[in-house]
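**Student:** Below is a structure I'd like to ask you about.
The values are calculated or read from the model by the stated rules, or taken from the named source; none is laboratory data. Because the structure is a prediction, the values reported are computed rather than measured. Virtual Cβ from ideal backbone geometry, glycine too; neighbours counted across all protein chains shown. Side chains are part of the model used for accessible areas, which takes the heavy atoms of the whole protein and leaves out ligands, DNA and RNA. Shrake-Rupley method; radii C 1.70, N 1.55, O 1.52, S 1.80 Å.
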Amino acid sequence: MSEERFGEFVLVRRHEEGHVAELALDRPKAMNAVSTEMARSVSAACAALAADREVRVVVLTSTHERAFCVGADLKERNSFTDADLHRQRPVTRGAYTDVLELPMPTVAAVHGFALGGGFELALSCDLIVADATAVVGLPEVSVGVIPGGGGTQLLPRRVGAARAAELIFTARRLEAPEARELGLVDHLVDAGRDREEALALAARIAGNSPVGLRAAKRALRLGQGLDLRAGLEVEDAAWRTVAFSGDRAEGVAAFNEKRKPQWPGE
């Protein structure tokens, strides 16, 4: 396993055997609150991962024992002028967008607090594994703003418009069992096992064609919100990008030869 640091607060670990990379939030003194510097580092890490053809799955993790991420750094923002906040907006928005737009499947490993922007980082991933200690929510209206890292758009896509409205308008926090019951997270695991289980899920995903995984994610994302006919056109376009690929040829050959595929990734 190799490690690379992006700024002071973000660490990328590449698990070489399984084509899995971790994007680890590493600002323990602030429970991973998203400052301007941290947002820039998340974006830089995402750019490096997106360009790495060896990485098939990214797992978003936290090095803090009691928190995934508590959201925006309100201590930093308390010192901001309106002009400062205006300048910061594209930086912080870019961090959430860059996680959302990673071309390979992504899995969030959540424990402890995942609130506001912290939960939005998790929502930006394709799948969320949460342990029994997880507490999630979008409390932004309680401090005079709204979810600005994708929450108003991503949450209703998970749980429906009315349920998302109730959760956002009340600003309430949900503990892990209710979050799983309502669909805010996908897998609920024992305390302390979120990272391990997320990495295991990622390894299972990474055994599949990297070309197929990226195309499937593209079809899933681009097809959201379209009518069925338009969605099927999106799917067909994605299918055409893989149908004549080396991965498709290898997958068919490996199936017929009853062996494990050796994906060329192209």
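**Student:** Considering 83, 109, which residue is more than 16 Å from residue 154 (Cβ to Cβ) and free of Cβ contacts under 8 Å to residues at least 24 places away in the same chain? Outline the logic, then answer.
**Tutor:** Numbers: 109 fails: free of Cβ contacts under 8 Å to residues at least 24 places away in the same chain.
Of the residues listed, the single one that is more than 16 Å from residue 154 (Cβ to Cβ) and free of Cβ contacts under 8 Å to residues at least 24 places away in the same chain is 83.
**Student:** Give just the number: which of (1) at pLDDT 95 or above; (2) within 18 Å of residue 103 (Cα to Cα) does residue 264 not satisfy?
**Tutor:** Failed condition: (1).
**Student:** Do we find that residue 68 is closer than 29 Å to residue 216 by Cα, in a strand (DSSP E or B), in contact with a Gly (Cβ under 7 Å, 6 or more places away or on another chain) and at pLDDT 95 or above in this structure? Please lay out each step first, then the result.
**Tutor:** On the way: closer than 29 Å to residue 216 by Cα: yes; in a strand (DSSP E or B): yes; in contact with a Gly (Cβ under 7 Å, 6 or more places away or on another chain): yes; at pLDDT 95 or above: yes.
Yes.
**Student:** Still on this structure: How many residues, within the stretch 2-34, are touching a residue at least 24 places away in the same chain (Cβ under 8 Å) and part of a strand (DSSP E or B)?
**Tutor:** 14
**Student:** Suppose we filter 146, 128 for residues that are of a type in the set (A, V, I, L, M) and over 16 Å from residue 68 (Cα atoms); which single one remains? Spell out the reasoning first.
**Tutor:** Details: 128 fails: over 16 Å from residue 68 (Cα atoms).
After ruling out the rest, the residue left standing is 146.
**Student:** Another question, if that's okay. Show me the helices (runs of 4 or more DSSP H) entirely contained within the stretch 168-266 in which 3 or more residues are under 28 Å from residue 51 (Cα atoms), in contact (Cβ under 8 Å) with a residue 12 or more places away in the chain and of a type in the set (Val, Ile, Thr). Step through it out loud before you land on a result.
**Tutor:** Working: elements: 176-182, 194-206, 210-223, 228-243, 246-257.
Correct list: 228-243.
**Student:** Still on this structure: Of these, 19, 64, which one is touching a helix residue (DSSP H, G or I) at 6+ places or on another chain (Cβ under 9 Å) and closer than 18 Å to residue 116 by Cβ? First the steps, then the outcome.
**Tutor:** Values: 19 fails: closer than 18 Å to residue 116 by Cβ.
None of the others qualify; the one that does is 64.
**Student:** Return only the number of the condition from (1) in contact with a Ser or Thr (Cβ under 7 Å, 6 or more places away or on another chain); (2) part of a helix (DSSP H, G or I) that residue 60 does not satisfy.
**Tutor:** Just one mismatch for residue 60, condition (2).
**Student:** Listed residues 127, 188; which is within 26 Å of residue 43 (Cα to Cα), among the hydrophobic types (A, V, I, L, M, F, W, C) and either out of contact with any helix residue (DSSP H, G or I) (no Cβ under 9 Å at 6 or more places or on another chain) or surrounded by fewer than 22 Cβ atoms within 10 Å (Cβ to Cβ) (or both)?
**Tutor:** Numbers: 188 fails: within 26 Å of residue 43 (Cα to Cα).
Going through 127, 188 in turn, the sole match is 127.
**Student:** Just to be sure I understand the filter: pairs with C-beta atoms under 6 Å, separated by 6 or more residues or on different chains, first member in the stretch 46-73 and over 30 Å from residue 264 (Cα atoms), second member aromatic (Phe, Trp, Tyr) and crowded, with 23+ Cβ neighbours inside 10 Å. Which pairs pass?
**Tutor:** Once the first residue is over 30 Å from residue 264 (Cα atoms) and sits in the stretch 46-73, its partners that are aromatic (Phe, Trp, Tyr) and crowded, with 23+ Cβ neighbours inside 10 Å give 62/68; 67/113; 70/113.
**Student:** Then there's this: Quick test for you: out of 247, 194, pick the one residue that is touching a Ser or Thr at 6+ places or on another chain (Cβ under 7 Å), crowded, with 20+ Cβ neighbours inside 10 Å and among the charged types (D, E, K, R). Please lay out each step first, then the result.
**Tutor:** Numbers: 194 fails: touching a Ser or Thr at 6+ places or on another chain (Cβ under 7 Å).
Criteria check complete, one pass: 247.
**Student:** What pairs can you find where one residue is in the stretch 93-105 and within 18 Å of residue 33 (Cβ to Cβ), the other is open to solvent by 50 Å² or more (accessible area, probe 1.4 Å) and of a type in the set (D, E, K, R), and their Cβ atoms are less than 9 Å apart, with a gap of 6+ or different chains?
**Tutor:** Taking only residues 6 or more apart or on different chains, the pairs are 94/40; 95/40.
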